Amino acid sequence: MNSQQRAKIYVLQGQWEEFCIGYVYIVHTDGVNPSFIRCILETQIKQFSNLVQYVHLNTNKEEWCLNLKVQPETIYEFQGENIIQWQESEINLDIAISFIDSRYASEFWNQLQNSRRHFRFDDVESTYPIIPSHQNLEAILSQISDSPELIIQKITNDSTNQFMEAIKRIFEDAETQSNYHVLEQLHYVIRSLIYIKNENVMKCLLNDKYYETLFGIMEYHSENKGPQRVSYRQFLKNQLKFHRITEFEDSIIEKIHFNYRLSYLKESVMAYYLYIEDPLYNEFNFYIHENNQKILETLLIYHKNQFENFLEKFMDDFEVKCKFINEFFLQFKAFLTIKSLNDAFVDCITQSNLLKILYQNSLLKVKQILSSPVCFTTLQVTIMIANSNSIYLQDFLKNNHDLFWQCMEALLFCQVNGLNSIILDIVQMICSNSTIQSQCIEWLSRCLQQPLNFSAALVLQELVQWICQQQKSISQDLIVLSNYILNILNQQSREQRKDKFLLMSALKHFKYISTTGISEILKPFCNSLVLLAVSKRIDGILEGQIRDILKCIKLKNSLSQHLILIVKTLNLSDHPFFIRLMDQCQIDQIMVMDDQRYYELEDSNENQQGILEKDDIGLDFSRIVRKKNEEDEEDDETHVRDQKPRGIIFGDNCFKRIKPDDD
């Protein structure tokens, strides 16, 4: 039985008493007999008579604890989210069912309401699901749309599964006869069943018995025609292989198969119909997420020893196990935030020494110049562990730092697509520790002294800039690293053919340094910058970088003067790159000269005015006394009017004088 159907049965005898625990569902009959509320016993708690009626219908010899017919006149009540209660009039007893799963409780309630009507197979107006045939597929589509609860009950509770058996038989006949009209109708029937959005229906459609039928029918949609028609069954049969890493229970194996088939249905087969915000897309993700958590719990907690043995023998059948590890982290990384699962996972990788095995083999493969998935797997596993348990990773680096940095250096220069961006992420994640950051600086120094390719240069520049931003003051070690990167400008300025990607990293770092307090270290590289700017072998991207650098340099007086001197020396004052810089320099010089003349004139005028005023007035300030009026005790004061400040307000290319008010 389905675990969602599990419920507790209560009866009222003065107070509610628990009667039994079992699996409850609605049983529809052919219209001659009534429908039933039936419960298959799991645990008997108390004995009550008359709760099992129509015992002669128990042809399968199941252990029933409840079998009561659905009465149209009975008032059934749905209380809360998971309780259904009613009074059974024939035996004068109040009964309540408390479902464990509230979603199934709602589904059961809908089925119960439909069951209170009288159903017949042969009645055209009946809402009972009919058995599919070649002639009634359109009627089946209508029933799926009008009464989905009844279709769900027919598919999930029928032990012989007549509905899906009929679908399978029709498909096989239509495909043999190349009856494309029927095949397309079946396609819409299956799509309608999928869009019911019921997990039990999906489990039936994707189980071992019917999944090939489902994917076969899904091949016959109107857009998938001709010689280019995609064969989903061929992929699942010939290319897909299931590798068992340990002995799981059958229920877990079913979840693994269900998840993969549902993922394939979602991502490949139905990608044409689904969009990201589609409720069905989210429903599929919910099913997969729930199953993944149960699979991971089983693997890490109940089969922990087997998983450790699997990791210890990682180098046996290496390619397959690499794929497994990649898939493992892709599917389960979200659950490693759960403490119990994370602790179990760390115990497994510690016992198996997984990281050390991966780094040793990655280094070996790179030295042998062999492209192998182990490199990608090693970096992916490192990132996953850093996200879920950074303390474990720091302990690993403490004991294996030489191996780690050697492998990082080899992977950085191996020119395998996609690795360098992961290396950048890993180094940034681990460098929060000061000890590891100093190791990183030593590693950067070694790498920058080697011949650089453009991808390695970009990663190294990003890391140097990132570490500079992390430190409050830029150390001498970082200045040395910056010089290594900036030296690319000197090297490329002498080359006939410029490597624009390599230059990009140097120009990017030049721009960053020009905004810091150590911009003076750029002076030895300004000559190369000017030569690159006037070179005819640079494209628009590099031109934009150089123009941005010149804007930053204008704010640094000493650096801009040095650059202007180089431009004048090379007779490049009229070059489009430097015209604006030179014009700004001339304006600044004029403003400085005018400012100096203005202040000299003001000083001389003030001195002369002061001498004239002193000669004309001739006051003896030592004889000025304050007079006091004894009657009102008010003071006569000598008021001195303060002069307003003189000075200059500078604009972009002009200035105006502020003069004192006239006396």
**OP:** Being among the aliphatic types (A, V, I, L, M), within 19 Å of Gly22 (Cα to Cα) and either surrounded by 11 or more Cβ atoms within 10 Å (Cβ to Cβ) or not assigned by TED's automatic domain parsing to the domain that holds Phe36 (or both) is the filter here, so list the residues in segment 54-92 that pass it.
**Re:** Leu57, Leu66, Leu68, Val70, Ile83, Ile84
Original post:
Would segment 432-444 turn up any residue that is of a type outside the set (Ser, Thr, Tyr), at positive phi and touching a residue at least 40 places away in the same chain (Cβ under 8 Å)?
Top reply: no
**OP:** All but one of (1) surrounded by 17 or more Cβ atoms within 10 Å (Cβ to Cβ); (2) in contact (Cβ under 8 Å) with a residue 24 or more places away in the chain; (3) over 12 Å from Leu507 (Cβ atoms) hold for Ile564, so report the exception by its number.
**Re:** (2)
Original post:
When both residues are 6+ apart or on different chains and their Cβ atoms are under 7 Å apart, which pairs have a first residue that lies in segment 527-542 and is more than 11 Å from Ile566 (Cβ to Cβ) and basic (Lys, Arg), and a second that is surrounded by 13 or more Cβ atoms within 10 Å (Cβ to Cβ) and modelled with pLDDT under 85?
Top reply: Arg537/Lys498
Original post:
Can you find a residue in segment 309-320 that is outside any helix (DSSP H, G or I) and in contact (Cβ under 8 Å) with a residue 40 or more places away in the chain?
Top reply: yes
Original post:
Which one is surrounded by the fewest Cβ atoms within 10 Å (Cβ to Cβ) among residues in segment 428-456 that are at pLDDT below 90 and of a type in the set (A, V, I, L, M, F, W, C)?
Top reply: Met429
Original post:
How about segment 479-510: which of its residues are of a type in the set (Lys, Arg) and either surrounded by fewer than 18 Cβ atoms within 10 Å (Cβ to Cβ) or free of Cβ contacts under 8 Å to residues at least 24 places away in the same chain (or both)?
Top reply: Arg494, Arg497, Lys498, Lys500
Subject >> Residue that is surrounded by the most Cβ atoms within 10 Å (Cβ to Cβ) [pool: residues in segment 392-419 that are farther than 14 Å from Leu444 by Cα and polar (S, T, N, Q)] >> reply: Asn400
**OP:** Would you check if Ser362 is more than 26 Å from the chain's Cα centre (by Cα), within 30 Å of Ala410 (Cα to Cα), buried (at least 19 other Cβ atoms within 10 Å of the Cβ) and hydroxyl-bearing (Ser, Thr, Tyr)?
**Re:** yes
**OP:** Scan segment 121-148 and report the pairs whose first residue is under 13 Å from Phe163 (Cα atoms) and assigned by TED's automatic domain parsing to the domain that holds Glu184 and whose second residue is of a type in the set (S, T, N, Q) and at pLDDT below 80, with Cβ atoms within less than 9 Å and a gap of 6+ or a chain change.
**Re:** Gln143/Thr127
**OP:** Report the residue count in segment 135-157 for those that are surrounded by fewer than 20 Cβ atoms within 10 Å (Cβ to Cβ) and charged (D, E, K, R).
**Re:** 2
**OP:** Scan segment 403-418 and report the pairs whose first residue is modelled with pLDDT of 90 or more and whose second residue is part of a loop (DSSP other than H, G, I, E, B), with Cβ atoms within less than 9 Å and a gap of 6+ or a chain change.
**Re:** Glu409/Gln450
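The values are calculated or read from the model by the stated rules, or taken from the named source; none is laboratory data. All values derive from a computational prediction rather than experimental measurement. No Cβ is skipped: glycine too gets one built from the backbone with ideal geometry, and neighbour counts run over all protein chains shown.
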